[in-house]
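Readers should treat all values here as calculations from the given coordinates under stated rules, not as data from a laboratory. Here the structure is a predicted model, which is why all the values come from computation and not from measurement. All Cβ positions, even for glycine, are placed from backbone atoms using ideal geometry, and neighbour counts span all protein chains on display.
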Amino acid sequence: MKIEALMTNDVITVAPETPLRDVAAILSTNHISGAPVCDADGTVLGVVSEADVLRKEQGVGPDVGGSFRWLLRRLDDEIDKVDALTAGEAMTRPALTVLPSAPAAEAARLMIEYRINRLPVVRGGKLVGIVTRSDLVRAFHRSDEEIAEEIRNDVLVRALWLAPESLDLSVRDGVVTLTGAVDTEADARAAENLIRRIPGVLDAHIELRARTRPHHRGSILEFFPR
């Protein structure tokens, strides 16, 4: 499943010059935890979140750890953000973004790795949507029929150029079973990797046999027989 099928197109954004007090009101009123900061052309400059607002409200804590700790806090923008008055000064930059054509698994990986709740979706650097953790969770709750359809269309046909009718595919309670013959062992491995990344797939039993085996180079005597 591609991110463009999950993302929200109508995105609440703020400008870099938006006062931080107004940012807090926008987040609270719209029940969102963060918003992209965009210039007049729609280019994503960063993301401002509840954590950025709270850092301003909390202020700088005790400077325990001496000059080294102060340097770390400076590199993390903690000290600068406490003095922030606008979204542009408080935002996290550069923003992590994804393309509409990226798989949902890529968004999930970034959110987990960087411990964030949302990702701006961009095309040519311009904002076209936003995808959140809740979007990915909703995508996981899909019917077996929807999962099977995505496997046939996106994995077998578009990615691997295989004929779905030549394979035996079934999905039951999120568990995928796929059997049959494919051209190479690489096709079999790719099919399993792609299927396991599809939202809603809990497990996969892939039993694909390769029609051809990888060629292994023989000794030089094979090419120059006696």
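With a Cα-only, solvent-free Debye model of the range 144-210, what are the log10 I(q)/I(0) values at q = 0.23, 0.24 Å⁻¹? Relative scattering, expressed as log10 I(q)/I(0), comes to -0.92, -1.02.
A DSSP coil position with no more than 13 other Cβ atoms inside 10 Å describes the following trypsin sites (Lys or Arg not before Pro) in the range 100-178: 115. Scanning residues 5 or more positions from residue 123 or on other chains, those with amide H under 5 Å from its amide H are 128, with H placed 1.01 Å from N in the peptide plane. Between amide H atoms placed 1.01 Å from N, distances below 5 Å from residue 176 occur with 202, 203, 204, 205, all of them 5 or more places distant or on a separate chain. Can you give the local net charge around residue 205? Use residues other than it whose beta-carbon is closer than 12 angstrom to its beta-carbon, Lys and Arg +1, Asp and Glu -1. Result for the neighbourhood of residue 205: -2.
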